[in-house]
Amino acid sequence: MTSITDTFAPATDARYSPGEVGDFVALLKPRVMFLVVFTALVGMTVVHNAVSPVIAAIALLCIAVGGGASGALNMWWDRDIDAVMTRTARRPIPAGRVEAGEALAFGLTLSVGSVIVLGLATNWLAAALLAFTIFFYAVIYSMWLKRSTPQNIVIGGAAGALPPMVADAAVTGTLGIESLVLFAIIFLWTPPHFWALALVKSGDYARAGVPMLPNVAGPDATRLQIWLYTLVLVPVGVLPAVLGFGGAAYAVVSVVSGLGMLALAWRVYRVRTGDAAMKSAQQLFGFSILYLFLLFAVLLAESALGLRLALPVLG
Amino acid sequence: MADLTPEEQKRRRSRSIAIALALAGLVALFYILTIAKMGPQVLQRAI
């Protein structure tokens, strides 16, 4: 027969969480959060801002917290596969520093809080879009697509592409062509970026049973897809200059860095064996981050510094 | 409750401080939001 002490002692121990504050910050995926805030900020600056800087800052905070919350929900759901992948095994839940239930509660609380505050601070279109973004990433991508189709990151990429549209809705109350183009850039950028990583880490994904394209269709089919997506991405990357919300500096940077993306994607397509193949995939992965950062940084700089010099030919 | 080691107590304390700071931040956020949305009129009302 168990005594009262025996019954309660383990439960009390289990309820104690060894997690540090930093572990809960890690649940928010700070690097992804930075990208979310950065792209959302650009989404705000390229449109006609109808709200005060204070409201815009609060909206940005809500978008950041909402993005972080979806990261926590993703880590809660993916804790089993995170544990078997070298890239993710040290995350707080598989490492045993945060309990799964804590991560779920943390993610849900921040999700609901960020959506409500964004709705109260700005408008309910923006709040609904933020809720949809969180739902899309946590449920559609993490719970459904990621483990069921090699097109997981193509469709799931929409979640990462939505922050500029949420930001646009927050400061204008509607959605414009500018944020739609920014959405398209991030959406088309996601497959070449993640498939380049998947080519390098295909063993990791295979061990975890995640059907990434290289594991399902093979590396060569993945290389072709990377090349095709890059072919579409680069012209879309120039669109802000064509449409007039990117200036001369943006036109130059988007064309030059776009040519860099094309060159690296072509090399990934052509070089298929040995260390050189791995190296070219790694280089494309690294450069793709720089490419996206450059496009958005130049748009931000042009808007913030008033340097948007419209191209004479393109209007 | 089982005795916590000094390290566990330190972690719990830092988590408590973080939660307190987050709550204080929320209070400040709603205060700033109210002033930003309603402007100075928020203070002009019948006593």
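The values are calculated or read from the model by the stated rules, or taken from the named source; none is laboratory data. In this text, all values refer to a predicted model and were calculated from it rather than measured experimentally. Backbone-built Cβ (ideal geometry, glycine too); neighbour counts: all protein chains shown. With ligands, DNA and RNA removed, areas are computed over all heavy atoms of the protein, side chains included. Shrake-Rupley method; radii C 1.70, N 1.55, O 1.52, S 1.80 Å.
Normalised by residue number, the volume inside the convex hull of the Cα atoms of region A:177-315 is 102 Å³ per residue. Assuming charge only on the beta carbon of Lys and Arg (+1) and of Asp and Glu (-1), the dipole of chain A about its Cα centre is about 780 debye to the nearest 20. Heavy-atom surface analysis with a 1.4 Å probe gives chain A a carbon and sulfur content of 71 percent of its accessible area. For chain A, a Kirkwood hydrodynamic radius built from all Cα pairs, placed in the Stokes-Einstein relation at 10 °C and 1.306 mPa s, yields a translational diffusion coefficient of 77 µm²/s.
Over what distance in Å are the Cα centres of region A:18-45 and region A:55-72 separated? Here the answer is 8 Å between Cα centres. Overall, region A:205-298 carries a charge dipole of about 200 debye about its Cα centre when +1 sits on the Cβ of Lys and Arg and -1 on the Cβ of Asp and Glu, all other atoms neutral.
If you take all other residues with their beta carbon under 13 Å from the beta carbon of A:GLY43, and give Lys and Arg +1 and Asp and Glu -1, the sum is -2.
Build a GNM of chain A with springs between Cα atoms under 10 Å apart, and of A:THR109, A:THR39, A:THR190 the one that fluctuates most is A:THR109. Using a Gaussian network model of chain A in which every pair of alpha carbons under 10 angstrom is joined by a spring, one finds that among A:GLU102, A:GLU178, A:GLU20 the greatest mean-square fluctuation is at A:GLU20.
If you take each beta carbon of peptide B:5-12 and count the beta carbons of other chains within 10 angstrom, what is the mean?
Values: counts 0, 0, 1, 3, 0, 1, 9, 5.
Mean partner-chain Cβ count within 10 Å for B:5-12: 2.
Ligands, DNA and RNA aside, A:ILE134 has an accessible area near 10 Å² when probed at 1.4 Å. Per residue, region A:177-315 exposes an accessible area of 43 Å² to a 1.4 Å probe, with every protein chain left in place.
For the pair A:SER148 and A:THR86, a Förster radius of 25 Å applied to the C-beta separation gives a FRET efficiency near 0.60, rounded to the nearest 0.05. Interface area, chains A and B: about 1400 Å² of buried accessible surface, summed, with a 1.4 Å probe and ligands, DNA and RNA left out.
The largest accessible area among B:LYS10, A:LYS29 belongs to the first residue in B:LYS10, A:LYS29, and the rest follow in falling order (1.4 Å probe, all chains). Note on A:ASP275: accessible area approximately 130 square angstrom, rounded to 10, probe 1.4 Å, nucleic acids and ligands left out.
If you take the Cα centroid of region A:159-177 and the Cα centroid of region A:225-258, the two points sit 20 Å apart. For A:ASP220, the shell of other residues with beta-carbons less than 12 Å away shows a net charge of +3, using +1 for Lys and Arg and -1 for Asp and Glu. With θ set to phi - 60° and the Karplus curve 6.51 cos²θ - 1.76 cosθ + 1.60, what are the ³J(HN,Hα) couplings of region B:9-19 in order, to the nearest whole Hz, using x for Gly and Pro? Residue by residue, region B:9-19 yields 5, 5, 5, 5, 5, 5, 5, 5, 5, 4, 5 Hz. Hydrophobic long helices, here whole DSSP H runs in chain A with Kyte-Doolittle means of at least 1.0 and Cα atoms spread over 27 Å or more along the helix axis, are found at A:53-77, A:100-121, A:177-200, A:219-243, A:248-270, A:274-304. Per-residue SASA remark: A:ARG270, around 150 Å² accessible (1.4 Å probe; ligands, DNA and RNA not included).
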